[in-house]
Each structure stands twice: as structure tokens, then as C-alpha cells.
1. Give the residue that is modelled with the highest pLDDT, with candidates limited to residues of the stretch 36-88 that are outside any helix (DSSP H, G or I) and either surrounded by 10 or more Cβ atoms within 10 Å (Cβ to Cβ) or hydroxyl-bearing (Ser, Thr, Tyr) (or both).
2. Could you grab the pairs with beta carbons closer than 8 Å, sequence gap of 6+ or different chains, first residue in the stretch 17-30 and part of a helix (DSSP H, G or I), second one not acidic (Asp, Glu)?
Amino acid sequence: MATNNLISRIRKWPIEKKRIFSILVAVFLTILIIVLNSALNVIWKDETKNIPLNNKNSPINTIQESFSKILSEAKPILDQAFGSSTSGQLNQTGEIIDQINSTSSSFSTTSNIVE
């Protein structure tokens with residue numbers, strides 16, 4: 001009931017007063033969030049001081065180990081797939097260039113213009 005009464009009173013205010021009120025509320029909430037965030041950061045830093053940074057079970061080390069295992073298992077397959085396709089592509093590319101050169105030399109440079 002109190003909130004409905006407060007909202008109905010705010011609705012009766014002129015536009016300028018509503019704008020000033022909304023700006024003040026936004027600034028207050030922003031300052032409140034900054035203060036709470038900095039307080040949480042101070043508390044969190046105190047708790048994390050005792051944890052060593054070079055922990056073997058850290059998430060970054062676990063992810064690195066997983067990626068290295070995946071790459072080591074997939075490396076032979078990738079080498080085989082890319083190795084066979086690149087050697088074939090080099091031969092095909094050379095043949096295509098030879099074909100282009102041979103066909104471009106057979107074109108005549110004179111144009112047949114009907115007068």
C-alpha cells in the first residue's frame with residue numbers, strides 16, 4: 001500500500017521534477033553499486049591471499065592439459081588429411097596454370113568489327 005501511495009504521488013509531479021528525481025535515483029544506485037563492489041573486492045582479496053598461484057589443479061592448467069591431449073590424438077589424422085590434399089593441390093595448381101597459359105596464347109588479338 002505504501003508503494004502504491006508513493007507511486008501515485010510521483011505520477012502527479014511535473015515532468016521536470018520527475019526527471020530530476022530519476023537522475024538522482026540513478027546516481028544513488030550507481031554509487032551504491034560501486035561501494036558494494038569495492039567492499040566485496042576487499043573481502044575477496046583477503047580470502048584469496050592464502051591460495052598459491054601455481055596450483056597444479058587450477059582450471060587453466062586443466063584446460064591446457066585437455067587441449068594438449070586432444071591435439072596429440074588428432075595430429076596424425078590432421079597431418080594425413082592436410083598432407084595428402086596439399087601435395088595433390090600443388091600438382092593440380094601447376095596443371096591449371098599450364099592450361100591457362102596455353103589457352104591464353106591461342107587467342108587472337110585482332111577483333112572482327114563489322115562495318
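1. The selected residue is SER58.
2. LYS18/ILE10; PHE21/ILE10; PHE21/TRP13
The values are calculated or read from the model by the stated rules, or taken from the named source; none is laboratory data. These numbers come from a predicted model, not from an experiment. Ideal geometry is used to build each Cβ from the backbone, glycine not excepted, and the neighbour counts take in all protein chains shown.
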